[in-house]
Amino acid sequence: MFGRLILYGALAVALAIVAVSACGPQPDVASSPSLTPVASASRSASPTRASSAVPIATATLRPTASATVTPSPESSPATACPRTTGGNASNQAQLVAVRVAHQAGFDRLVFEFGQSTAPGPFGMPGYAIEPASSLSGPSGQAITISGNALFGARFQNASTQNPNGTPSYTGSADMKPTTPLIKEVKLVEDFERVLLWGTGLDHLACPKVSELTGPFRVVLDFPTPP
């Protein structure tokens, strides 16, 4: 009897040990040592700051120099007057008239152009009006023009002679009007369709240059006392 009690006690102790082991923490079969932790969304989504160190250039904001009115530093004493250009250098025209007249407040000089048979479109020829200390023809020799100030009017693809050799301009090549400011207007050069006229003034005065059409004309208005 006593032996059975000992046997029953030993079995009870064994059952208790098994029960305690079953209630202990078990390993997580879903976890795997091969998995790596993923960074939190708040850290990976941190904003990237755009660099502002390199400015974006805008071509339309870049200032451009005017090609129609530029100073003429080599001219004397006419640095006070700008060089004025206009027309189109690809146009062809024939000089047909030069006129000088005085009106209230200015002396007017007009160069009028007509149709040309030279190859190219007909239109206002390219021109440059600027003051000068002297003017010279194709030979390089300075041309004498009356006055105390001098202006040159140069025309590209224009001439007093038609391509067939006949004259398109039959007026004077050396005019000395009785106007108060303009003292002389002289043809300086007419060579290879480059035309240069010189204008001598009583004193320096900057002209207002205008273009007119129907017919094509370049007009220089030199201001004078009223």
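Taking the accessible area of segment 115-186, probe 1.4 Å, and keeping the other protein chains in place, the carbon and sulfur fraction comes to 49%.
Given the alpha-carbon gyration tensor of segment 123-206, what are the semi-axes of its equivalent ellipsoid in whole angstrom, ordered largest first, with each equal to the square root of 5 times an eigenvalue?
Each semi-axis is √(5λ); the values are 23, 14, 12 Å.
Its Cα gyration tensor gives segment 106-157 an equivalent ellipsoid; the semi-axes, largest first and in whole Å, are 26, 16, 9.
The values are calculated or read from the model by the stated rules, or taken from the named source; none is laboratory data. Everything quoted here is computed from the prediction, not taken from an experiment. For accessibility, only protein heavy atoms count, side chains too; no ligands or nucleic acids. Shrake-Rupley method; radii C 1.70, N 1.55, O 1.52, S 1.80 Å.
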